[in-house]
Amino acid sequence: GQQLNQSPQSMFIQEGEDVSMNCTSSSIFNTWLWYKQDPGEGPVLLIALYKAGELTSNGRLTAQFGITRKDSFLNISASIPSDVGIYFCAGRNSWGKLQFGAGTQVVVTP
Amino acid sequence: DGGITQSPKYLFRKEGQNVTLSCEQNLNHDAMYWYRQDPGQGLRLIYYSQIVNDFQKGDIAEGYSVSREKKESFPLTVTSAQKNPTAFYLCASGGAREETQYFGPGTRLLVL
């Protein structure tokens with residue numbers, strides 16, 4: 001079946017550093033979504049990508065839809081303490097089904 | 001405010017008991033979804049519904065049941081047949097094109 005690999009699993013960074021995470025798939029996706037989840041809460045949509053090569057920003061967040069349509073990355077610039085949480089990627093295939101990565105746990109230290 | 005609400009926030013289930021988790025949305029979305037989240041894992045799809053009075057099994061539907069009698073509501077019942085129900089349950093909804101999904105705050109189910 002389809003595999004969606006998200007890396008890294010976790011990262012410990014200092015406040016002010018940039019963060020980068022990515023997701024790769026064995027199959028082509030038509031949409032990539034990036035979510036952030038705080039402990040005990042539901043995921044919140046950060047960025048949605050709909051076209052190969054698309055680069056979209058949302059404040060300090062930037063995400064790109066890979067040109068092969070099999071990958072996507074999310075960058076967080078100048079991290080702050082409230083960036084802590086779990087970041088999920090999700091890809092939608094041609095059948096309309098959404099598949100989620102296992103998440104990247106981000107810990108920000110002062 | 002528009003959004004998705006789930007209740008209760010925490011739910012306790014005894015052995016052999018069925019419990020129902022509520023999910024309501026006022027976003028006028030056609031599609032609604034139920035996911036299960038276990039520690040260190042991605043979200044797994046339990047059931048989804050693209051229109052009222054219709055729903056489809058997801059990847060892990062065994063031991064669960066749903067109904068979709070109203071556009072706004074998509075309750076999930078965790079039956080006694082679900083042997084490992086302890087998890088965080090997330091409801092989501094999306095527009096007709098299903099390009100994005102928006103999540104509720106979740107319900108944590110614990111077995112006594």
> Has segment A:82-90 got any residue that is touching a Cys at 6+ places or on another chain (Cβ under 7 Å), under 18 Å from B:TYR33 (Cα atoms) and part of a strand (DSSP E or B)?
Replying inline: yes
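Please specify each residue of segment B:54-96 satisfying the condition of being in contact (Cβ under 8 Å) with a residue 40 or more places away in the chain and assigned to a strand (DSSP E or B).
Taking segment B:54-96 first, the residues in contact (Cβ under 8 Å) with a residue 40 or more places away in the chain are B:71-80, B:85, B:87-96.
Those that are in contact (Cβ under 8 Å) with a residue 40 or more places away in the chain and assigned to a strand (DSSP E or B): B:SER73, B:LEU76, B:THR77, B:VAL78, B:ALA87, B:PHE88, B:TYR89, B:LEU90, B:CYS91, B:ALA92, B:SER93, B:GLY94.
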> Just checking, how many residues over segment B:4-16 are β-branched (Val, Ile, Thr) and more than 10 Å from every other protein chain (Cβ to nearest Cβ)?
Replying inline: 1
> Restricted to segment A:4-46, and to residues that are within 11 Å of chain B (Cβ to nearest Cβ) and outside any strand (DSSP E or B), which residue is farthest from the chain's Cα centre (by Cα)?
Replying inline: A:GLY40
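Per-residue answers, yes or no, for (1) surrounded by 12 or more Cβ atoms within 10 Å (Cβ to Cβ); (2) in contact with a strand residue (DSSP E or B) (Cβ under 9 Å, 6 or more places away or on another chain); (3) over 21 Å from A:GLY40 (Cα atoms); (4) at the interface with another protein chain (Cβ under 9 Å from one of its Cβ atoms):
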site: B:ASN18; (1), (2), (3), (4): yes, yes, yes, no
site: B:ASP30; (1), (2), (3), (4): yes, yes, yes, no
site: B:PRO39; (1), (2), (3), (4): no, yes, no, no
site: B:LEU43; (1), (2), (3), (4): yes, yes, no, yes
site: B:SER49; (1), (2), (3), (4): yes, yes, yes, no
site: B:ASP54; (1), (2), (3), (4): no, no, yes, no
site: B:LYS57; (1), (2), (3), (4): yes, yes, yes, no
>> I need a count of the residues in segment B:80-110 that are surrounded by 15 or more Cβ atoms within 10 Å (Cβ to Cβ) and either over 13 Å from the mean Cα position of the chain (by Cα) or within 11 Å of chain A (Cβ to nearest Cβ) (or both).
In response: 18
> Any idea which of A:GLY66, A:GLY59 is more than 10 Å from every other protein chain (Cβ to nearest Cβ), loosely packed, with under 14 Cβ neighbours inside 10 Å, more than 12 Å from the chain's Cα centre (by Cα) and small (Gly, Ala, Ser)?
Replying inline: A:GLY59
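Every read-out reported here was derived from the displayed coordinates using simple, explicitly stated rules and does not represent laboratory data. This structure is a prediction, so every number in the text was calculated from the model and none was measured. Quick reminder, even Gly has a Cβ in these numbers, built from the backbone with ideal geometry, and neighbours come from all protein chains shown.
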